[in-house]
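Following: one structure in structure tokens, then a few remarks.
The values are calculated or read from the model by the stated rules, or taken from the named source; none is laboratory data. Treat the numbers as computed from the prediction; the structure is a model and nothing was measured. Here Cβ is always computed from backbone atoms with ideal geometry, including for glycine, and neighbour counts include all displayed protein chains. All accessible areas refer to the heavy atoms of the entire protein, side chains included, with ligands and DNA or RNA removed. Shrake-Rupley method; radii C 1.70, N 1.55, O 1.52, S 1.80 Å.
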Amino acid sequence: MVISTTIADSDQNLHSTFASRYVRTSLPRFKLPDQSIPKDAAYQIINDELMLDGNPRLNLASFVTTWMEPECDKLIMSSLNKNYVDMDEYPVTTELQNRCVNIIAHLFHAPIGEDDAAVGVGTVGSSEAIMLAGLAFKRKWQAKRKSQGKSCENPNIVTGSNVQVCWEKFARYFEVELKEVKLKEGYYVMDPEKAVEMVDENTICVATILGSTMNGEFEDVKLLNNLLMKKNEETKWETPIHVDAASGGFVAPFLYPNLEWDFRLPLVKSINVSGHKYGLVYAGVGWVVWRTKDDLPDELVFHINYLGSDQPTFTLNFSKGSSQIIAQYYQFIRLGFEGYKDIMTNCHENTMVLKEGLEKMGKFNIISKDIGVPLLAFSLKDSSKYTVFNISESLRRFGWIVPAYTMPPDAQHISVLRVVIREDFSHSLADRLIADIIKVVHELEGARFTADTSGARDGGTVEHVEHGLRPMERGIAKYLRRFIHGKKTSSVC
Ligand SMILES: *Cc1c(COP(=O)(O)O)cnc(C)c1O
């Protein structure tokens, strides 16, 4: 199956203005070309097509890092040819991963003795981390049930219906029933009381989210822990907790150090976090850490001997790049606690700038919380004339990518816009976004236009945000405008 969303013409061939000097005939789109082409032609063709992707810096839909320091880019480039799995050959890379695991486990208050190492592993992202954590819970539950002579059929996991799709994947791929606590209007995270009510003897764990994907809100892990402790005492089921801290794991320790959500709570047995979200690394790294060695069943761990010491590995895939792990270590030592705290504080402040701007308009209900992941989720007070989907679509013409979506069950009738505030989203971009939202809302309300917005109306796009961009990005924006106007020329770059 080919899933393709190419933007160019729909025939079977690719054309390129630049490459035409080299390529007499066009390239087949879906078949391996018969002949080779010069490297600069190949570069130009691909570079040319990629310009039509959105601008990552203006992609406010994503939590994933879109900017790193040039020094780190250099480290990434120089380690592109290192396969992470070759631990014998690259023991230093392995050592850096181990340091990262330990740094994260300490940050999350894992009970690690002086001479002990933390238990955890680097993954491709939180999704792989969650598969591994889920498998560990399933195995532990099965082992316990077997030892009690009880059935191992029908394991389940309790979550809120606001879980990220990877939990649904885990449930389906590894045959665990997903029992979801439904949301309701005005309450968009898992209710710990209802979650604990749903727990039964087949529950492998309760998965709670630090930073709901829908509105960035932290679920009340402490209350969940306390309620579940009480239930465990009564039932002797020993149901554990996993915290999905994909987005909040690198926010809470710096902004809310006194918030107890991690291994300080006894039932929290594992935590995942995305290195490529607020860990501030480009896409491709996540982490899972376990409370102690006992929380990771031995039979899931494969052992490799390297340099005389025991190297346990627990991952779903085998080969992968080393760059992201090296980049994570760079961020840890470069920023330190202070650096992360400054960046998260800045993100939070820019979120508040945006929040105030939108509140002033009086058109929106803010449904994200001041304490949470730095993002702004907001719905329209009155959706009778136009919807958040119209706003999202109109904002695209200014270059902004702001997603609109409906809330999960049972709050599907609420639809929201979400702006994720990352490190590279500056105060001035926040001001610009507010100005553009105001314009879009006026337009949708049928207000008359002043001359300076006409550029946007005729499909001018990127114009307004362009000013905040670097020359190279301005070039791309210019190219994009030409393309949209059907005036694609070769005078770009
Ligand atoms: C992003 C996210 C995930 C998935 O993480 P990846 O690192 O993209 O695989 C899982 N859970 C939550 C709460 C998330 O925000």
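With a/c under 1.5 counting as rounded, go ahead and sort segment 72-332 into rounded, prolate or oblate using the C-alpha gyration tensor (a ≥ b ≥ c being the square roots of the eigenvalues; past the cut-off, prolate if a/b is larger than b/c, else oblate). The shape class here is prolate. Computed with every protein chain present, the accessible area of Asp53 is close to 90 Å² [probe 1.4 Å]. Pairs spanning more than 21 Å between alpha-carbon atoms, out of Lys341/Lys369; Lys138/Lys169; Lys182/Lys355; Lys140/Lys182: Lys182/Lys355; Lys140/Lys182.
Where a ≥ b ≥ c are the square roots of the eigenvalues of the C-alpha gyration tensor, would you call segment 245-319 rounded, which needs a/c under 1.5, or, failing that, prolate if a/b is larger than b/c, or oblate? In terms of gyration-tensor shape, oblate.
The share of accessible area on segment 72-332 that comes from carbon and sulfur is 51 percent, using a 1.4 angstrom probe. The mean sequence distance of close C-alpha pairs (under 8 Å, at least 6 residues apart), as a share of the length of segment 232-331, puts its relative contact order at 22 percent. Our coupling estimate for segment 405-414, obtained by passing each phi through the Karplus curve with A = 6.51, B = -1.76, C = 1.60 and θ = phi - 60°, is 7, 8, 6, x, x, 9, 10, 5, 6, 9 Hz, Gly and Pro reported as x.
Rank Ser384, Ser274, Ser426 by accessible area, highest first, at a 1.4 Å probe radius?
Details: Ser384 95, Ser274 0, Ser426 45 Å².
Of Ser384, Ser274, Ser426, the descending order of accessible area is Ser384, Ser426, Ser274.
Could you name the aspartates and glutamates in cross-link range of Lys320, using Cα to Cα under 17 Å and dropping any fewer than eight places away on the same chain? Filter leaves Asp86, Asp88, Glu89, Glu95, Glu128. Lysines near Lys144 by alpha-carbon distance under 19 Å, same-chain residues fewer than 8 away left out - which ones? Cα-Cα hits under 19 Å: Lys231, Lys236, Lys269, Lys293.
Before anything else, pin down the relative contact order of segment 72-332: Cα pairs under 8 Å, at least 6 apart, normalised by residue count, whole percent. Please list the in-between numbers first.
Values: 474 pairs, mean separation 74.7, N = 261.
It comes to 29 percent, rounded to a whole number.
Applying the criteria of a DSSP loop state and at most 13 other Cβ atoms within 10 Å to the trypsin sites (Lys or Arg not before Pro) of segment 122-231 yields Lys150.
Length gained on full extension, Thr235 to Glu71: 53.6 nm, using 0.36 nm per residue less the C-alpha separation. Largest to smallest in accessible area, the residues Phe318, Phe263, Phe218 fall in the order Phe318, Phe218, Phe263 (1.4 Å probe, all protein chains included).
Asp220 sits with roughly 80 Å² accessible to a 1.4 Å probe, with DNA, RNA and ligands left out of the calculation.
Take every DSSP beta bridge whose two residues both sit in segment 72-332, then give the antiparallel share in percent to the nearest 5.
Values: 18 of 34 bridges.
Of all bridge pairs located within segment 72-332, approximately 55 percent are antiparallel.
Counting charges near Ile209 (Lys, Arg +1; Asp, Glu -1) among other residues having Cβ under 10 Å from its Cβ returns a value of -3.
Shape of segment 152-267 from its Cα gyration tensor (a ≥ b ≥ c, root eigenvalues): rounded if a/c is under 1.5, otherwise prolate when a/b > b/c, or oblate? Since a/c reaches 1.5 but b/c is at least a/b, the shape of segment 152-267 is classed as oblate.
Counting only other residues whose beta carbon sits under 12 Å from that of Pro403, what net charge do I get with K and R as +1, D and E as -1? Each step should come with its number before you reach the end.
Numbers: positive: Arg396, Arg418; negative: Glu393.
Net local charge, Pro403 excluded: +1.
Quick check: with the 1.4 Å probe, what order do Asp34, Asp48, Asp40, Asp200 take by accessible area, largest first? Could the numbers behind the result be given before it?
On the way: Asp34 150, Asp48 10, Asp40 75, Asp200 45 Å².
Reading off the accessible areas and sorting them downward yields Asp34, Asp40, Asp200, Asp48.
Scanning residues 5 or more positions from Gly125 or on other chains, those with amide H under 5 Å from its amide H are Gly286, with H placed 1.01 Å from N in the peptide plane. Less than 5 angstrom separates the built amide H of Val85 from those of Lys320, all sequence-distant by 5 or more or on a different chain.
Take the Cα of Tyr187, go 7 Å toward its beta carbon, and the backbone nitrogen atoms of segment 367-381 under 18 Å from that spot belong to 367-369.
Summing Lys, Arg as +1 and Asp, Glu as -1, what charge do residues with Cβ under 12 Å from the Cβ of Val288 carry, Val288 excluded? Each step should come with its number before you reach the end.
Values: positive: Lys269, Arg291; negative: Glu128, Asp244, Asp295.
With Lys, Arg at +1 and Asp, Glu at -1, the net is -1.
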